[in-house]
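The values are calculated or read from the model by the stated rules, or taken from the named source; none is laboratory data. In this text the structure is predicted, and so the values were computed from the model without any measurement. Cβ: placed from backbone, ideal geometry, glycine included. Neighbour counts: every protein chain shown.
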Amino acid sequence: MMSMPAPVFSPPPNAHQETVDFLRRLSSMLTGGRNAEMLLEAASMIETLSRRATTAEQLFQEQQEDHARNLELREVAELASDNLMTEMESLKAQLDAEIAALKEQLDETRRQAEADRVLFGEEILRLQAHVDVTEARLAQADAELEEFRQPAETGIDDSIAVVPIASLQLARTQFDYLAKGFASSGDVVSQTICEIGASAIDKALDGNASGQDGPG
């Protein structure tokens, strides 16, 4: 709390003036000499000291007022400093909270990215396994189709059944299954190969049916 300036007590200005006037009147009553001079000197000294005292009192009063203003400004500065420190602490706490939230969000993003990477790797492995199985089935179907073609190229009589009808029908079913699988995955080339294989088996089945219906 701002301290109050100390009160200044000074005699009324008329008291000094009355003393000076009294000494001068007393000096004028004397017929001259050293006493009259001393009275005039005393009156002049009192008057001079009185003026000095008044000036000193004014200076002191001004200093007291300046001191009071300085104290008031100091209290205002301290209050502003306290408010600024409080605001800085609040901003620091808010910044720390935002940094913690961003760090948590970044950690969550990293965890999600890692999970996606693992899931993507598993999906690649699953698709690769599916491709391997499909290629193996296609190779098996190609081998069976090649076996179906070999007896026909040796010039054996068409009336002789060289391949069981059930095997041809099974191969035909496998080609249809593979063609549908490749179509759903967008593999047009493999789909076309399977459809060609199925068509070849259809021709073999049709030829075999024609041979059985012919003269024996």
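Computed quantities for the displayed model
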{"item": "Residue satisfying all of: in region 168-192; out of contact with any Leu (no Cβ under 7 Å at 6 or more places or on another chain) and hydrophobic (A, V, I, L, M, F, W, C); surrounded by the fewest Cβ atoms within 10 Å (Cβ to Cβ) among these", "result": "Val189"}
{"item": "Leading residue by the ranking (nearest to Ile193 (Cα to Cα)) among those in region 113-144 that are under 49 Å from the mean Cα position of the chain (by Cα) and of a type in the set (Gly, Ala, Ser)", "result": "Ala129"}
{"item": "Criterion (in the same structural domain as Tyr177 (by TED's automatic domain parsing), surrounded by 10 or more Cβ atoms within 10 Å (Cβ to Cβ) and either of a type in the set (A, V, I, L, M, F, W, C) or assigned to a helix (DSSP H, G or I) (or both)) met by exactly one of Arg137, Arg117", "result": "Arg137"}
{"item": "Hey, Ala43 surrounded by 11 or more Cβ atoms within 10 Å (Cβ to Cβ), assigned to a helix (DSSP H, G or I) and in contact (Cβ under 8 Å) with a residue 12 or more places away in the chain or not", "result": "yes"}
{"item": "Members of region 168-188 that are among the β-branched types (Val, Ile, Thr) and under 16 Å from Ala136 (Cα atoms)", "result": "Thr173"}
{"item": "Qualifying residue in region 24-32 (condition: on the phi < 0 side of the Ramachandran plot, in contact with a Ser or Thr (Cβ under 9 Å, 6 or more places away or on another chain), among the aliphatic types (A, V, I, L, M) and surrounded by 13 or more Cβ atoms within 10 Å (Cβ to Cβ))", "result": "no"}
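Results for (1) touching a Lys or Arg at 6+ places or on another chain (Cβ under 9 Å); (2) polar (S, T, N, Q), shown as yes or no for each residue.
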site	(1), (2)
Ser27	no, yes
Glu37	no, no
Leu40	yes, no
Met45	no, no
Asn83	no, yes
Ala97	no, no
Glu114	no, no
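Residue-wise test of (1) in contact with a Cys (Cβ under 6 Å, 6 or more places away or on another chain); (2) among the hydrophobic types (A, V, I, L, M, F, W, C); (3) not assigned by TED's automatic domain parsing to the domain that holds Ser185.
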{"residue": "Leu79", "(1), (2), (3)": "no, yes, yes"}
{"residue": "Leu84", "(1), (2), (3)": "no, yes, yes"}
{"residue": "Glu87", "(1), (2), (3)": "no, no, yes"}
{"residue": "Ser90", "(1), (2), (3)": "no, no, yes"}
{"residue": "Ala101", "(1), (2), (3)": "no, yes, yes"}
{"residue": "Val131", "(1), (2), (3)": "no, yes, no"}
